[in-house]
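Report on the structure given below.
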Amino acid sequence: MLQFTLPPLPYGYEALKPSLSEETLRYHHDKHHLAYVNNLNKLIKETEFEDAELIDIVRHAKGAIFNNAAQVWNHTFYFEQFGNWCPIKGRLAEEIVRKWGSIDKFKEEFVATGTSLFGSGWVWLAQDADGALHIVQEPNGSNPVKRGMIPLLGFDVWEHAYYLDYSNRRAEHLSALWNIVDWNVVAARYMMK
Ligand code: MN
């Protein structure tokens, strides 16, 4: 049977300072992300999802299996998009400016959408079937794949993502993440369509 494994963090534990501390990454990746992987492996045993690909479990599962599969997928996606900061360029930058007026206005609305999410969840930049960009708010582990959209960028707004560094200052945490986004990774997701 297929066993999922925790992907290694794609950079060192100090690489995202000061936006995210080493301590936050050690908890978030080594404990939370790992727990979702372990839970998923236990839950899919002897079910129809035992040998399924992760993305297919996200698309089709419900309840605890969906929650854990989506969180495994979300966290892998999340950690991959950080590291080598670079500006937004090319067609993605043009589309963002066309839709939100400016890069700063987009960032403002993205942070406001994440800040206003009640409880735990994620804020996403996603592309619909027509290629149009949207800022999407999802509760708990849900993500735009469930709506048939392509996720391009996802910020985790669960308290475990920021409480050690920012306590209750969620908006400050989300704003600080702009300093570590590798927009080349995000643009590659966009161009894949
Ligand atoms: Mn998380």
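The values are calculated or read from the model by the stated rules, or taken from the named source; none is laboratory data. Every value quoted in this text rests on a predicted model; they were computed, and no experiment measured them. Every residue, glycine among them, receives a Cβ derived from its backbone with ideal geometry; neighbour counts consider all protein chains shown. Heads up: the accessible areas ignore ligands, DNA and RNA and are worked out on the full protein's heavy atoms, side chains in. Shrake-Rupley method; radii C 1.70, N 1.55, O 1.52, S 1.80 Å.
Observations on the model:
- Between H33, H160, H173, the Gaussian network model of the chain with springs among Cα atoms under 10 angstrom shows the greatest mean-square fluctuation at H160.
- Whole-percent P(r), the range 148-193, all Cα pairs, 5 Å bins from 0: 5, 19, 25, 17, 14, 12, 6, 1.
- Extended-chain gain in nm, criterion 0.36 nm per residue less alpha-carbon gap, E46 and E172: 41.0 nm
- Gain in span if fully extended, A129 to A35, counting 0.36 nm per residue against the direct Cα distance: 30.6 nm
- Spin-label proximity, R91 to the range 129-172 - amide N less than 17 Å from point 7 Å beyond Cα toward beta carbon: 129-134, 150-153
- Per atom type, the chain shows carbon and sulfur on 52% of its accessible surface, probed at 1.4 Å.
- Set K105/K146; K42/K107; K31/K105 screened for pairs whose C-alpha atoms are more than 29 Å apart: K42/K107; K31/K105
- What the chain shows is 49 Å² of accessible area per residue, with the surface traced by a 1.4 Å probe over protein heavy atoms.
- Inverse mean reciprocal Cα-Cα distance (Kirkwood Rh) of the range 83-166, Å: 13.6
- Taking F49, F79, F155 as the candidate residues, the one with maximal mean-square fluctuation in a Gaussian network model of the chain, Cα springs under 10 Å, is F49.
- Reference-scaled alpha-carbon Rg (2.2 N^0.38 Å with N residues) for the chain: 1.00
- For the listed peptides 179-188, 62-71, a ranking on the average number of other beta carbons within 10 Å per residue, highest first, reads 62-71, 179-188.
- Taking a Cβ cut-off of under 15 Å around D165, the surrounding Lys, Arg, Asp and Glu residues balance to a net charge of -2, with basic ones at +1 and acidic ones at -1.
- Cross-link partners of K89 among aspartates and glutamates (Cα-Cα below 13 Å; sequence separation of 8 or more within a chain): D182
- Working from the Cα coordinates of the range 1-113, the gyration tensor eigenvalues give, after taking √(5λ), semi-axes of 31, 20, 12 Å in decreasing order.
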